[in-house]
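The values are calculated or read from the model by the stated rules, or taken from the named source; none is laboratory data. Please read all numbers here as calculations on a predicted model, not as lab measurements. All Cβ positions, even for glycine, are placed from backbone atoms using ideal geometry, and neighbour counts span all protein chains on display.
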Amino acid sequence: MADQLIRATAADNGIRAVGVITTRLTEEARQRHKLSYVATAALGRTMASGLLLASSMKKEGSRVNINVRGNGPLGQILIDAGLDGTVRGYVSNPGVELPPNSKGKLDVGGAVGHEGYLYVLKDTGYGFPYSSTVELISGEIGDDVANYLVNSEQTPSALLLGVFVGSQGVTAAGGLLLQVLPKAARDESLISLLESRIAHLSGFTPLLRAGNSLTEIMEQLLGDLGLSIMPEVQMLRFQCGCSFNRVLGALKMLGAAELQDMIEKDEGAEATCEFCGEVYQATESHLSQLVSDLKTESN
Ligand code: ZN
């Protein structure tokens, strides 16, 4: 099944539901960054969260960055997701592996760390990005992003995330976000409905793992709440905006003296994009061209 996002409403338009399947893009991130099992789960959950948060933005070009900085061995996680369905991201220490936690699951909370901060930056496409920070609750990502939504956006929310990874790579990944819509946010009955559904929603990950489609999953979990699924299916993919020209632009910022030094000592330069792991090689002649461009510009 291709990676995709669908939107729905329930409870007479009082609840908004968004679901994502992110199996392939999580597998792509795993391969690009050579992620361990636990790092795959941590990054996969954060990427799915980013896509779910971006889905409620309005203006074309809107993006969300989520930066998780816990005190665990994984270091920081940074993801960048767009309303257009693209996402990219990385973790500082992709090779960290931990034994399973007490429930026999991948110990994402232990790898991320139970203490630290979650930063969310939203660029709504109007040139004034706004950011917000909450303390981590568990480092398991789902709880932490839901806590951000409740405390920073004042939106009662339930968020479920699942990433299944084994020796064959990522076999299933995705997420489901339920929110009481702003106009109904003071409706106590809707909030208690949302809360009472959370246990029922734990069926999300088994349904995901069993290969059900998003439509089938939503029907099973929310079908009795007057669910209305929008017909549009949005495709999702791992995509990074880096390019060789951007790398050359960054090298140029180093200045002529530094570039000359690289030409003489290293006979070129190698740059790796942190977000996607792509390696770019600038040869001696590329660097010489930059030096001569700089000299021309300064005259
Ligand atoms: Zn890149």
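Here are some notes:
- Residues that are more than 36 Å from the chain's Cα centre (by Cα), part of a helix (DSSP H, G or I) and not hydroxyl-bearing (Ser, Thr, Tyr), drawn from the stretch 289-299: Gln289, Val291, Asp293, Leu294, Lys295, Glu297
- The residues on offer are Phe244, Phe238, and the sole one that is hydrophobic (A, V, I, L, M, F, W, C), within 27 Å of Ala2 (Cβ to Cβ) and within 14 Å of the ligand (Cβ to nearest atom) is Phe238.
- Check on Tyr90, without any contact (Cβ under 8 Å) to a residue 60 or more places away in the chain, touching a strand residue (DSSP E or B) at 6+ places or on another chain (Cβ under 9 Å) and either among the hydroxyl-bearing types (Ser, Thr, Tyr) or farther than 12 Å from Ile141 by Cβ (or both): no
- Qualifying strands (runs of 3 or more DSSP E) (wholly inside the stretch 90-194; at least 1 residues being in contact with an Asp or Glu (Cβ under 6 Å, 6 or more places away or on another chain)): 116-123, 169-180
- Qualifying residue in the stretch 195-208 (condition: loosely packed, with under 15 Cβ neighbours inside 10 Å, in the same structural domain as Gly44 (by TED's automatic domain parsing), in a helix (DSSP H, G or I) and within 22 Å of the chain's Cα centre (by Cα)): yes
- Residue ID - surrounded by the fewest Cβ atoms within 10 Å (Cβ to Cβ), chosen from residues in the stretch 51-80 that are of a type in the set (D, E, K, R) and touching a strand residue (DSSP E or B) at 6+ places or on another chain (Cβ under 9 Å): Arg69
- Being touching a helix residue (DSSP H, G or I) at 6+ places or on another chain (Cβ under 6 Å), of a type in the set (A, V, I, L, M, F, W, C) and more than 16 Å from the ligand (Cβ to nearest atom) is a property that does not hold for Val91.
- Qualifying residue in the stretch 112-122 (condition: among the charged types (D, E, K, R) and within 20 Å of Ala54 (Cα to Cα)): yes
- Taking the stretch 249-288 as the range and being of a type in the set (A, V, I, L, M, F, W, C), in a helix (DSSP H, G or I) and within 14 Å of the ligand (Cβ to nearest atom) as the test, only Ala250 passes.
- Looking across the stretch 93-109, the residues that are surrounded by 14 or more Cβ atoms within 10 Å (Cβ to Cβ) and free of Cβ contacts under 8 Å to residues at least 40 places away in the same chain come down to Asn101, Gly109.
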